[in-house]
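The values are calculated or read from the model by the stated rules, or taken from the named source; none is laboratory data. Nothing here was measured: the structure is a model prediction, and the numbers come from that model. Methodologically, a virtual Cβ is constructed for each residue, glycine included, from the backbone with ideal geometry; neighbour enumeration extends over all protein chains shown. In case anyone asks, the SASA skips ligands and DNA or RNA and just uses the protein heavy atoms, side chains included. Shrake-Rupley method; radii C 1.70, N 1.55, O 1.52, S 1.80 Å.
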Amino acid sequence: MSIIRKTITSTLMCSSLFAASLQVQAAEKVVATDLEPLHHVILENKYVTVMRVLIQPGESTLFHEQHLDYVNTHIEGSPVKIEYPDKPVNNTEMKTGNVKFGEHQGKSDTDKVTNTGTNVNHQVAFEINIPGPQHFGGASRPASEAFQQVLDKKTVKGWKVTLKPGESSGEYTQHGPGVRVFFTEGRVLLADDKHPNRVKELWVHPGDAFLTEPGKVDITAASGEYIIFNDYELL
């Protein structure tokens, strides 16, 4: 009987602690993701809102609500604690280079993230502002080793692109608007499809993000470093 009582007591204590935790979480302020203080809006058009998320070690976001499809690129990951208003805490890891897709269109989600690691947690995330798919056309990329598909959803596709020094992506056509997020530093040449032998030169850094538009695309790694980036296109 004493073993049964101990088991029941332990179960009740766990249930009480979980209920108390939910009450504390429920009392905290909930904000829209693009208004959360650690989610800094850096780019925006009618299709997407792009945010840079920087969480110092030991720092927490506010509870923030996501109700739009959401793509999160982990520039520099860390262990994190994710809290929810209505379910147990999730202690996990955001891994550098990973992509997380949140299918929140029509079903919102609320969470709070604490960086439990020792380095700054750096993410570049974007919300898709218009419910989709929007039928811009089939998104595809060249069949080369430089392109690795990392995301295939009904509203967006994504590829990790790795270019060796001097290597070109090869020309391809982008049909829908998109976002490009860089992991490495170096010089990049973007071909001007309207003017032969004309390029736009950029020096990019880890976490740099750009809005992209439909059209012909050809990207060259123009310095001595590998250029690695994720290329996303809306469908």
* Go ahead and set up a Gaussian network model of the chain, Cα springs under 10 Å, then flag whichever of Asn197, Asn119, Asn98 fluctuates most. => Asn197
* Roll a 1.4 angstrom probe over the protein heavy atoms and tell me the percent of accessible area of the chain that is carbon or sulfur. => 53 percent
* Asked: What does region 98-203 give for Rg and for Dmax, in Å, if only its C-alpha atoms count?
  -> 16.9, 51
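Using only the Cα atoms of the chain, what semi-axes does the equivalent ellipsoid have when each is the square root of 5 times a gyration tensor eigenvalue? Give whole Å, largest first. All intermediate terms of the calculation are to be shown ahead of the outcome.
Details: eigenvalues 333, 70, 49 Å².
They are 41, 19, 16 Å, listed from largest to smallest.
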* Along the positive direction of the dipole of the chain (beta-carbon charges: Lys, Arg +1; Asp, Glu -1; about the Cα centre), which of Ala191, Ala209, Val124 reaches farthest? -> Val124
* For His39, solvent-accessible area (1.4 Å; no DNA, RNA or ligand), Å² -> 10 Å²
* How much accessible area does Met51 have with a 1.4 Å probe, in Å² rounded to the nearest 10? -> 0 Å²
* Using a/c under 1.5 as the rounded threshold, could you call region 41-176 rounded, prolate or oblate? The axes a ≥ b ≥ c are square roots of the C-alpha gyration tensor eigenvalues, and prolate needs a/b larger than b/c, oblate otherwise. => oblate
* To do: Label region 163-203 by shape, choosing from rounded, prolate and oblate, from the square roots a ≥ b ≥ c of the eigenvalues of the Cα gyration tensor; if a/c is under 1.5 it is rounded, and otherwise prolate applies when a/b is larger than b/c, oblate when it is not.
  => oblate
* Please report, in debye to the nearest 20, how large the charge dipole of region 80-235 is about its Cα centre when each Lys and Arg carries +1 at its beta carbon and each Asp and Glu carries -1 there. => 160 debye
* Cα-Cα over 21 Å, subset of Lys194/Lys216; Lys107/Lys153; Lys164/Lys200; Lys112/Lys157 -> Lys112/Lys157
* Structure fact -> Accessible-area order for Glu233, Glu201, Glu59, largest to smallest, probe 1.4 angstrom, reads Glu201, Glu59, Glu233
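Placing unit charges on C-beta atoms (Lys and Arg positive, Asp and Glu negative, everything else neutral), compute the dipole magnitude of region 29-151 about its Cα centre in debye, rounded to 20. Numbers along the way, then the final one.
Working: 10 positive and 15 negative charges, 21 e Å.
Approximately 100 debye in magnitude.
At 1.4 Å probe size, put Tyr84, Tyr226 in order of accessible surface, largest to smallest.
On the way: Tyr84 30, Tyr226 115 Å².
My answer, sorted largest first, is Tyr226, Tyr84.
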* What is the set of long-range amide H partners of Thr212 at a cut-off below 5 Å, with H atoms built 1.01 Å from backbone N? -> Gly178, Val179, Arg180
* Asked: For region 134-177, what is the charge dipole size about the Cα centre, in debye to the nearest 20, if Lys and Arg each add +1 at the Cβ and Asp and Glu each add -1 at the Cβ?
  -> 220 debye
* Counting only protein chains, not ligands or nucleic acids, how are His104, His175 ordered by accessible area (probe 1.4 Å), most first? -> His175, His104
* Asked: Rounded to the nearest 10 Å², what accessible area does Glu44 show when all protein chains are kept and the probe is 1.4 Å?
  -> 110 Å²
* Structure fact -> Relative to the chain, whose Cα atoms define the longest principal axis, helix 2-27 and its Cα axis are tilted in degrees, nearest 10, by 50 degrees
* Asked: When every alpha-carbon pair in region 82-137 is counted, what percent end up more than 13 Å apart?
  -> 73 percent
